[in-house]
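Take a look at the structure below.
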């Protein structure tokens with residue numbers, strides 16, 4: 001997986017959803033789980 005680090009740095013302060021919608025996070029599906037789960 002290739003990540004555009006410069007674009008991510010420029011996106012600091014935005015919500016996860018905004019960054020995800022712009023395609024900067026290249027997951028096939030949005031990660032899910034609960035804080036404290038041993039397996040995500």
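Bear in mind these aren't lab numbers, they're just calculated from the coordinates by the rules spelled out. Just so you know, these numbers come straight off a predicted model, no measurement behind them. With ideal geometry, Cβ positions are generated from the backbone for all residues, glycine too; neighbour counts draw on all protein chains shown.
What percentage of all Cα-Cα pairs in the chain are separated by more than 11 Å? Tail of P(r) above 11 Å: 69 percent of Cα pairs.
Quickly rank 4-11, 19-26 as a protection proxy: mean count of other C-beta atoms within 10 Å, highest first.
Details: 4-11: 11.4, 19-26: 13.1.
Going by the mean number of other Cβ atoms within 10 Å, highest first, we get 19-26, 4-11.
With each label modelled as a point 7 angstrom along the Cα→C-beta vector, the residue 10-residue 24 pair spans 0.9 nm.
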